[in-house]
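What follows is one structure encoded as structure tokens, with my remarks underneath.
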Amino acid sequence: MTTTTSSPRTTSPGRNRLDSFFKITERGSTVGREIRGGLVTFMTMAYIVILNPLILGGTEDVSGTALDGQQLAAVTGLTAGVMTILFGLVANLPFGLAAGLGINSFLAVSVVGQVTWAEAMGLVVINGLIIVLLSATRLRELIFKAVPAQLKIAITVGIGLFIAFIGLVDAGFVRASGAASPPVQLGEGGSVTSIPTLVFVVALLIMGVLMARKVKGALLIGILAATVIAIIAEAIFKIGPSFTADGPNPAGWNLNVPTLPEAIVAVPDLGLIGAFDFGAFERIGWLAAVMLVFTLVFTNFFDAVGTLTGLTKEAGLQDDKGNFPRLKSALIVEGIGAVAGGATSSSSNTIFIDSAAGVGEGARTGFANVITGVLFLLAMFFTPLTQVVPLEVAGAALVIVGVLMVAQIRLIDWTEFSVGLPVFLTVVVMPLTYSIANGIGVGFISWVIVRSFAGKAKQISPLLWVVAAGFLIYFARGPIEALIGG
């Protein structure tokens, strides 16, 4: 009689090296979960390849020149792909990078009326170099660590409300009322009347039920299922976009119409790479140019710090003091993203809060970023496919993740009013002003003032005082610029 013994299952050396490099098992994740998380992050961020050209390409600069939309789409995908992969490899965090919406809007609205697009992108490059310098000298890290734990939690909660609000607005579930009061309303005229918004509601319910039942891949399944529903709805009802040649269409899809694309492959035009210069200082003068750079740095600096705080907290990667591994590396690479964005004319690339969707799907390491980044690089060639998932469906995923992040509010100590007021202001100002940096600034200023007069001045880091003073200047930059100009 002979007996046989089965050999233990072995893991391939390549898979072991992958696990070891990204610490996948150590962080309680799996390769499959990282892949799903990377896919979900891309699907919730892919709109930037469409939206960024609309923002930057729709505005003429001081010389009457406008950026080409197809070139912008190509460099937006290229820069996002390269920087997302680099961030994953260096910082080992599952957070995608792409052109920041706050800064690209600022460039289009406030900057290119004074300078050319090339000069504006030169200012973005300078902004990025300053951020890299601050990060490399550890000043940015020191500021991050000087933020009290309660404010870090408040930033997470505020970002949760912010991205949920973004999702609701993107879906048309919440709209501007057009009146002084109330400034926003439910749907159109107080009712949910459009099919795209109804698709958002269905997507939200699908994802919500799947999340409640703890189904693996809940967000990804919800996005795919709702996208199929959206495509069918568009095929039947011929809804069209929200903006047409004949004017606004309130019942239309907010950004991209969910139809099967006529073409799949498009050759990317990378002609905008290197199309920047530093002539702004000569055109508008040093003081005015410095104020523009100051605004860019403050927005870039604290948007990224706030987003990192919220995402690492949601991913369970923070320690008791709110810090996380490879903080310095993460901040340096994020600064490089600003430089790269200016150098490619795609605008400053920064960490996207939409990455929370991938984190909600289970992503915990930089391997998810590799997946997201590769998809962004492919998006340069498959731009038509990025238009299939409607913004209304992506908005539903953001609302779900917002719920997960707001849950951190249970960790805030509301018993001490000198903590409660700054925390509350941080949380509400972010969504109400549509700015992470504004929420952080109001929180910092109120923290140092209220806590000081409450007899807690010795507990406040000197760096926090410096940053609060900087935010005072930031909030008063309009009068300051007017004074300098006068």
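The values are calculated or read from the model by the stated rules, or taken from the named source; none is laboratory data. This structure is a prediction, so every number in the text was calculated from the model and none was measured. Glycine also receives a Cβ, built like all others from the backbone with ideal geometry; neighbour counts cover every protein chain displayed. The protein model used for the area step is the full one, side chains on, heavy atoms only, and it has no ligands, DNA or RNA in it. Shrake-Rupley method; radii C 1.70, N 1.55, O 1.52, S 1.80 Å.
Only one entry in VAL174, VAL125, VAL109 is closer than 20 Å to LEU398 by Cβ and over 18 Å from the mean Cα position of the chain (by Cα), namely VAL174. Screening the candidates ALA437, ALA468, ALA482, ALA476 for the property of being at pLDDT 90 or above, among the small types (Gly, Ala, Ser) and either surrounded by 13 or more Cβ atoms within 10 Å (Cβ to Cβ) or more than 24 Å from the chain's Cα centre (by Cα) (or both) yields one hit, ALA468. Of the residues making up the range 422-448, those that are of a type in the set (A, V, I, L, M) and touching a residue at least 12 places away in the same chain (Cβ under 8 Å) are VAL423, LEU425, VAL427, VAL428, VAL429, MET430, ILE436, ALA437, ILE440, VAL442, ILE445, VAL448.
Once the range 84-102 is narrowed to residues that are open to solvent by less than 10 Å² (accessible area, probe 1.4 Å) and assigned to a helix (DSSP H, G or I), the residue that is modelled with the lowest pLDDT is ALA91.
Filtered by the rule that a residue be within 18 Å of ILE103 (Cα to Cα) and not in a loop (DSSP other than H, G, I, E, B), the range 433-461 gives THR433, ILE436, ALA437, ASN438, GLY439, ILE440, GLY441. Note on the range 303-314: among residues that are more than 15 Å from PRO148 (Cα to Cα) and open to solvent by 10 Å² or more (accessible area, probe 1.4 Å), the one that is modelled with the highest pLDDT is GLU314. Take the residues in the range 264-286 that are of a type in the set (A, V, I, L, M) and open to solvent by less than 50 Å² (accessible area, probe 1.4 Å), then tell me which one is nearest to ILE231 (Cα to Cα). Residue satisfying both the conditions and the ranking: ALA266. Within the range 353-378, the set of residues being under 26 Å from ALA407 (Cα atoms), part of a helix (DSSP H, G or I) and of a type in the set (Val, Ile, Thr) comprises ILE353, VAL359. The single condition among (1) among the β-branched types (Val, Ile, Thr); (2) over 30 Å from LEU255 (Cα atoms); (3) not in a helix (DSSP H, G or I) that VAL389 does not satisfy is (2). When the range 117-149 is filtered for residues that are polar (S, T, N, Q), in a helix (DSSP H, G or I) and either open to solvent by 40 Å² or more (accessible area, probe 1.4 Å) or within 30 Å of GLU60 (Cα to Cα) (or both), only ASN127 remains. Could you grab me the full set of residues in the range 440-465 that are at pLDDT 95 or above and among the charged types (D, E, K, R)? Matches in the range 440-465: ARG451 only. The criterion of at least 2 residues that are free of Cβ contacts under 8 Å to residues at least 24 places away in the same chain and over 19 Å from the mean Cα position of the chain (by Cα) is met by the following helices (runs of 4 or more DSSP H) wholly inside the range 265-347: 280-284, 286-314.
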